Amino acid sequence: MERWSAIVTLLGMLGTPALAAGSDIYSFVDGDGVIHVTNVPQDPRYRRVHPTHPPVDGLHRIALSGRLPPPLLRRNTSYDEQLRAAAEKYGLSLPLLKAVMEAESNFNPAAVSDRGATGLMQLMPDTARDLFVLDLYDPVQNIDGGARYLRLLYDQFGNDLEKVLAAYNAGPEAVRRSGGAVPQIPETQAYVRKVLNLYEAYLRGR
């Protein structure tokens with residue numbers, strides 16, 4: 001919804017009468033957070049975001065770009081108590097846990113990704129079993145499992161936060177295959193930047 005709101009804002013600012021007449025809109029957000037919008041998708045990253053009526057003949061390419069607005073931080077959530085307990089239990093920063101949760105699920109305990117990652121901290125089923133998380137939809141178990149996993153990754157990657165976040169997103173093996181660096185995976189690189197930006201914002205209380 002946040003991405004669609006940004007796209008609507010861009011379209012409204014720049015004016016697109018052809019789209020208003022009824023063309024499908026496709027978009028994606030690149031690794032730098034730039035929104036790309038077109039009615040003539042020629043990049044596999046484009047996904048249709050606005051199904052409409054049959055396309056109008058004679059439409060020309062529309063290519064808009066702009067940056068997503070800064071996130072509206074949730075200073076208080078329904079899960080602050082659980083986050084605080086997990087942070088203390090595993091020696092982690094509360095702002096970091098909150099940043100990861102926001103990036104992963106936007107605080108939605110029922111979130112499920114296309115790959116099957118589930119819950120507030122978006123744990124994969126196999127990872128959840130290894131972490132003794134029996135109910136992925138239970139906020140307490142999911143938060144505890146996500147925090148425990150982050151602690152394990154910290155221990156594996158020498159407290160290097162960028163590597164830890166990359167491993168949380170792409171898996172530890174992907175980081176190791178990259179020689180211990182953040183993998184050259186656009187989704188993972190964008191994820192690491194997003195969490196770091198959220199983490200910094202939460203640390204500053206903004």
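General remarks:
- Residues 120, 92, sorted so that the one with the fewest Cβ neighbours within 10 Å comes first: 92, 120
- Sparse-neighbourhood loop sites, chymotrypsin sites (Phe, Trp or Tyr not before Pro) in segment 100-153 - DSSP loop, at most 10 other Cβ within 10 angstrom: 132
- For segment 95-140 versus segment 153-167, the spacing of their alpha-carbon centroids is 18 Å.
- At full extension, residue 173 and residue 159 could sit 3.4 nm farther apart than now, given 0.36 nm per residue minus the alpha carbon distance.
- Footprinting exposure proxy for 25, 35, 143 (fewest neighbouring C-beta atoms within 10 Å first): 35, 25, 143
No value in this document is a laboratory result; all are computed from the given coordinates. The structure displayed is predicted, hence computed values, not measured ones. Here Cβ is always computed from backbone atoms with ideal geometry, including for glycine, and neighbour counts include all displayed protein chains.
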